[in-house]
């Protein structure tokens, strides 16, 4: 309802990001519960259509602030030959992308800092 009210562009983008983060948190909780299903051999993977470009875009919006705090800029591109609509488990794919993104952000900063430190001696 709030997203449908009169908002500035920045406010709307912040609310969309907040909603995506809340959805992700719910998915993370569900993923933790999935661990018991994995151990029992009963994990189910969703097979629903989703937009890969929208998924990547929303994932990077969640990572953008952390990257900016570290002086990094996140850029992405989905090859033109990849269809926009794919069928699969968008939530699990987004969780993988977030985990990889967080690792990349943390390790790139660490590697650059280590290289700069090492280069002084």
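Just so you know, all these numbers are worked out from the coordinates, no wet-lab data involved. As the structure is a prediction and not an experimental result, all values here were calculated from the model. No Cβ is skipped: glycine too gets one built from the backbone with ideal geometry, and neighbour counts run over all protein chains shown.
What the table below lists for this structure:
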read-out: R0 of 30 Å, Cβ-Cβ distance residue 106-residue 42: FRET efficiency to nearest 0.05; value: 0.35
read-out: Efficiency of FRET from Cβ geometry, residue 6 and residue 30, R₀ 30 Å, rounded to 0.05; value: 0.35
read-out: Distance cut-off 25 Å, percentage of C-alpha pairs in segment 7-119 lying past it; value: 36 percent
read-out: Within segment 75-99: backbone nitrogen closer than 17 Å to the residue 23 label point (7 Å, Cα to C-beta); value: 84-99
read-out: Order of 16, 38, 52, 105 - criterion: other Cβ atoms within 10 Å of each residue's Cβ, fewest first; value: 38, 16, 52, 105
read-out: Ranked list, fewest to most other Cβ atoms within 10 Å of each Cβ, for 37, 6; value: 6, 37
read-out: Burial ordering of 102, 62, fewest other beta-carbon atoms within 10 Å first; value: 102, 62
